[in-house]
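*Asks:* What follows is a structure written as structure tokens; I'll ask about it next.
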């Protein structure tokens, strides 16, 4: 086959290199990273956890930039374009600029088989090292102990909320999963634990290796009212903070962990109170309880496990009154779909199930059947469930169009279940919805949609 020349060529090439999409272990990645001859001399913050990683990374980046630092960020997965995974100073690195780093990885890997994630991670790590920012923020992909990002010895680890996900790789319960994620900690270096109920094995591992544990409720804490919130750490305090621009009640837990990380790194990465306030006010992150004004209102959320879907349901319930709520829903087959649907079922009046463009995904018909089973098992909602509409569609964009056709201007549409689901409705840009019932009469200007 011809040698890859574009980023798309390289991504396709990476898919062909390994027989597995996930092959846990650091030996191969460590060997190739050593051959690349790169290292990070600036502070590195690694972010692990089941939920809240993306939000935590976004807040770390926003505050650091407001403090005047040049940032490098690696996050995954992406919503629409691969380049979203690698940002320098808040901007995605252009596709063409990433190509030399893919070439470099291929040149030194020899016969080492790398998965798509491992190869792309190494390319992005090299790109960030060469960009030489003032601080690097790295999001763990899956677990921690055996994730490719863990080849880097981070100066600070932040571990967000722990929940049940990827159990076939990480173990059957929160204790097992917490132990896997605990391995991003390093001896003598700060490890921020932002879960309000951290697994015992996570804390035990941190203590056993001599990590500098910062535990929510012990080493840092927060409180607040409907208008503002306050944070306190070992030495610093912030009072009268505005709520983060990222919506959702759980964002305070993420923000509290972020402020703990900056306090722990203050000797190398000092930030002032104004940078904290501005960063929290200006932070942006697509697909995390993202509310798009329109008629009807659109909510985008990549929630795809029991904890994150339950948080989504609580946030939707707190939005106020909407006559009806329609859900565009697509999810991976390996998720505990039946376990998280009950959180959403009392809120949703119509389901538009969608297939997704990946072999891991459940088909729209499978999702519809899971919904029927879930509502049949909920005796309290049996009468209402018989009136709930379910449709199936080939893709997220088609499902959103169908939901829009069914909705009135005052209704609400929520798109959730997978990055592929939210990304599928963002491919042509951020939708601004105008329901057919809201169409202007002849002679009136039409709102842009």
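Here, each number is a calculation from the coordinates, and none is a lab measurement. Since this is a predicted model, take the numbers as computed values, not measurements. Ideal geometry is used to build each Cβ from the backbone, glycine not excepted, and the neighbour counts take in all protein chains shown.
*Asks:* What do you get for the angle between helix 27-36 and the principal long axis of the chain? Use alpha-carbon atoms, 0 to 90 degrees, nearest ten.
*Replies:* 60 degrees
*Asks:* Here's something else I'd like to know. Which order do 354, 121 fall in if you start with the one that has the fewest other Cβ atoms within 10 Å?
*Replies:* 121, 354
*Asks:* Listing 208, 236 from the residue with the fewest other Cβ atoms within 10 Å to the one with the most, what is the order?
*Replies:* Details: 208 11, 236 15.
Taking fewest neighbouring Cβ atoms as first place, the list is 208, 236.
*Asks:* Further, regarding this structure: Sort 41, 325 by Cβ crowding within 10 Å, fewest neighbours at the top.
*Replies:* On the way: 41 8, 325 22.
Starting with the residue having the fewest Cβ neighbours, the order is 41, 325.
*Asks:* For labels at residue 218 and residue 366 in the simple 7 Å Cα→Cβ model, what's the distance in nm?
*Replies:* Between residue 218 and residue 366, the label points sit 4.1 nm apart.
*Asks:* Something else: Could you tell me the center-to-center distance, by alpha carbons, between the stretch 122-141 and the stretch 291-327 in angstrom?
*Replies:* Cα centroid of the stretch 122-141 versus Cα centroid of the stretch 291-327: 33 Å apart.
*Asks:* With each pseudo-label sitting 7 Å past Cα toward Cβ, what's the residue 91-residue 387 distance in nm, one decimal?
*Replies:* Inter-label distance under the simple model: 5.4 nm.
*Asks:* Identify the residues of the stretch 242-273 with backbone N under 17 Å of a label point that sits 7 angstrom from the Cα of residue 292 along the Cα-to-Cβ direction, or state none.
*Replies:* 247
*Asks:* Hey, how many Å between the Cα centroid of the stretch 234-253 and the Cα centroid of the stretch 53-90?
*Replies:* For the stretch 234-253 versus the stretch 53-90, the Cα centre distance is 19 Å.
*Asks:* Separate question: Please list the equivalent ellipsoid semi-axes of the stretch 290-435, computed as the square roots of five times the alpha-carbon gyration tensor eigenvalues, in descending order and whole angstrom.
*Replies:* Taking √(5λ) for each eigenvalue gives 20, 18, 14 Å, largest first.
*Asks:* Full-extension gain between residue 401 and residue 176, please, as 0.36 nm times their residue separation minus the C-alpha to C-alpha distance.
*Replies:* Full-extension gain reported as 76.9 nm.
*Asks:* Quick one: work out the % antiparallel among DSSP beta bridges in the stretch 290-435, nearest 5.
*Replies:* Given both bridge residues lie in the stretch 290-435, the antiparallel proportion sits at roughly 15 percent.
*Asks:* On to the next question. Helix 364-376: angle to the longest alpha-carbon principal axis of the chain, degrees 0 to 90, nearest 10?
*Replies:* Between the helix axis and the principal axis of the chain, the angle is about 70 degrees.
*Asks:* Of the beta bridges DSSP finds with both residues in the stretch 7-282, what % are antiparallel, to the nearest 5?
*Replies:* Just about 40 percent of them are antiparallel.
*Asks:* Another one. What length, rounded to one decimal in nm, is gained on full extension from residue 225 through to residue 103, with 0.36 nm per residue of separation minus their alpha-carbon distance? Write out the running numbers ahead of the final one.
*Replies:* On the way: separation 122, 0.36 × 122 = 43.92 nm, distance 5.21 nm.
Once the chain is fully extended between residue 225 and residue 103, it gains 38.7 nm.
*Asks:* Using only the alpha-carbon atoms, how far is helix 396-406 inclined from the longest principal axis of the chain? Give it as 0 to 90 degrees, nearest 10.
*Replies:* 30 degrees
*Asks:* Contour minus end-to-end for residue 70 and residue 236, with contour as 0.36 nm per residue of separation and end-to-end as the Cα-Cα distance?
*Replies:* Here the segment from residue 70 to residue 236 would lengthen by 57.4 nm.
*Asks:* Separate question: Spin-label point model (7 Å from Cα, Cβ direction): what's the residue 358 to residue 317 distance in nm?
*Replies:* It is 2.9 nm.
*Asks:* Before rounding to the nearest 500, sum -39500 (n - 2.57) across all DSSP H runs of length at least 4 in the chain and divide by the residue total; then give [θ] at 222 nm in deg cm²/dmol.
*Replies:* One gets -11000 deg cm²/dmol as the mean residue ellipticity at 222 nm.
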